[in-house]
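Before any comments, here is the structure.
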Amino acid sequence: GLELFPGIMPKVLAGVERVASNISILDSLQRSNVFAGMHHLPLQELSNAVDNRVFMPGDLIMEEGLEGTSMFIMVAGSAEILMKSKGEMNSSSPGFVVAKLTPGAVVGELAMLGVTQVRQASVRATQVCFFGEVTRESALTILDRYPVERDLFAQIISQHLEMSVPARITQLPLLQTLERKLRDRIALYCERMVYFPEQFILREGERDEKMHVINIGHAVLSKMQCTIKTIGPGLTIGSENMLGITKTAIASVFVLTMCHSLGVSRESFEMAVSQFPASQSVAHLLKRQRLAYDTLRQTIQQITARKRTWNRYQKILLNTNISDEEVLKNALQEWHAAVDRQQRLKRRQAFEDAQRHEMLQDYVEKRNEGRRRAKERDRLKNLIQRNLQER
C-alpha cells in the first residue's frame, strides 16, 4: 500500500479525500447486510474505529487463502474481486474476476467476525483506492459494550455457519460407530451457540448435560486455574455428560477466539436414539466413553497436581528473603505433599474398586444362590407332581 511511501502519501490522500468527500463509512456500514440491523451508536463507534488504507492500482487488498481478521470499507476508487478455480488453488495466479467493487462496498466482514479463518476471495485495486479497515479486535471491543448487537452478530455467525453443522457432527470420530441416520438426527437436534473471547463455554463443577463440539475457533481447557490444553475445531468436551456418565463439568472451557460451538444435550441424544434404535452401538459407545472419561479425569488430576506444585515452587524461588537451604526444604515439602495426595487418591480409588468388586461378587453369589433355590423348588415341585400321578 501507499503507507510504504510516506513522502507522497499526503498528496495522494488529499486527492482521494476530494473524491471521497461525499462517501460516508457509516452509510456504507448501514447498507451492508451484516450490519443493517445494528443501532446507530455502535455503528458510529465502528465507523470511528477505522484505519485509513490507500492502495495503488494492482495492489492486493485481500488475498484468497491467506488468514484475515479485518474488514474493508471502500471510500473511493475501484477494485475487482477475484476467485481461483479448483485447479488454480495452489498456483500463484490471482484467479478470474467475479465482481467489481465501487465506493461504499464492504468486504471481509465474515473474516473479521471469525466466521471464516482465511479469505474466501482476492480483492485487487484497479485504481488508486481509499479504504477504511476495521480489525476484529476493535470490533469485539465495541461489541462488548453492546450486548444486543453482540447477540445479533451471534445469530448472523450461526446462520453463515449452518451449512457446516451436519458435516461437523456426522464426521466426529466419537460417533463413527453409530448409524448415519442417527448421526444426521443428532446434527439436526444439536444447539448452535456462539461465544466471544473471554467467555466461558463451561465452568468446572457446574451442572451440565451437554457434549460441546468446537466447530470454529479455539478455547482453553483448564482445571483449578491450570491450563490443560487448547481445543480447536472438531474437538469435543463433555461426551460423558451427554451419555449420563456424570452430570457436572470436569473442567472449565475458556474462549480464546470467537467460537461456534455445537451442543448435544442428553435429552436430544436420547430423542435421536429413540427414533433410530441402535442398542449395541450405543452400548459400545457408552462403554468406550466410560473408560475414556476415567483416563481423562486421571490425566487432568496429574497435570493439575504437577502445575500447582510447579507454581508454588516458582513462588518460593521468587522470594529472595529465604536461604537456598529453605528453598530446597520447601520444595521437597511441596513435592512430598503432592506425592502424598497422589498416593491417597490411588488408595481411595483402590478402596472403591475393591468395594465394587466385593459388591459384584456378593451380587453374583446371591444370584447363584437364588438360581439354586429356584432349581431345588422346581425339582421338589416335579417330584410332588410325579407322586400324585403315580397314586
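Laid out as a table, the results:
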{"item": "Residue list for the range 184-217, filter: over 19 Å from residue 232 (Cβ atoms) and of a type in the set (Asp, Glu)", "result": "184, 191, 204, 206, 208, 209"}
{"item": "Top-ranked residue of the range 192-244 - restricted to ones that are in contact (Cβ under 8 Å) with a residue 24 or more places away in the chain and polar (S, T, N, Q), ranked as surrounded by the fewest Cβ atoms within 10 Å (Cβ to Cβ)", "result": "230"}
{"item": "Search result, residues across the range 164-219 that are out of contact with any His (no Cβ under 7 Å at 6 or more places or on another chain), assigned to a strand (DSSP E or B) and not charged (D, E, K, R)", "result": "193, 195, 200, 211, 212, 213, 214, 219"}
{"item": "Among the candidates 183, 150, 136, residue that is farther than 30 Å from residue 280 by Cβ and in contact with a Ser or Thr (Cβ under 9 Å, 6 or more places away or on another chain)", "result": "136"}
{"item": "Within the range 360-391, considering residues that are among the aliphatic types (A, V, I, L, M) and open to solvent by 90 Å² or more (accessible area, probe 1.4 Å), the one farthest from the chain's Cα centre (by Cα)", "result": "388"}
{"item": "Residues satisfying the stated conditions in the range 270-292, i.e. within 15 Å of residue 246 (Cα to Cα) and open to solvent by 30 Å² or more (accessible area, probe 1.4 Å)", "result": "286, 287, 288, 290, 291, 292"}
{"item": "The range 28-87, subset among the small types (Gly, Ala, Ser) and more than 30 Å from the chain's Cα centre (by Cα), residue nearest to residue 140 (Cα to Cα)", "result": "28"}
{"item": "Elements of type strands (runs of 3 or more DSSP E) in the range 44-152, at least 3 residues being surrounded by 18 or more Cβ atoms within 10 Å (Cβ to Cβ) and not small (Gly, Ala, Ser)", "result": "51-55, 70-76, 129-135"}
{"item": "Residue selected from the range 255-307 under the condition of a type in the set (A, V, I, L, M), within 20 Å of the chain's Cα centre (by Cα) and not in a helix (DSSP H, G or I), by the criterion nearest to residue 203 (Cα to Cα)", "result": "255"}
{"item": "Residues located in the range 221-236, provided they are under 24 Å from residue 301 (Cβ atoms) and under 9 Å from the mean Cα position of the chain (by Cα)", "result": "231, 232, 235, 236"}
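The values are calculated or read from the model by the stated rules, or taken from the named source; none is laboratory data. In this text, all values refer to a predicted model and were calculated from it rather than measured experimentally. When we count neighbours, we look across all protein chains shown, and the Cβ atoms used for this are built from the backbone with ideal geometry, even at glycine. Side chains are part of the model used for accessible areas, which takes the heavy atoms of the whole protein and leaves out ligands, DNA and RNA. Shrake-Rupley method; radii C 1.70, N 1.55, O 1.52, S 1.80 Å.
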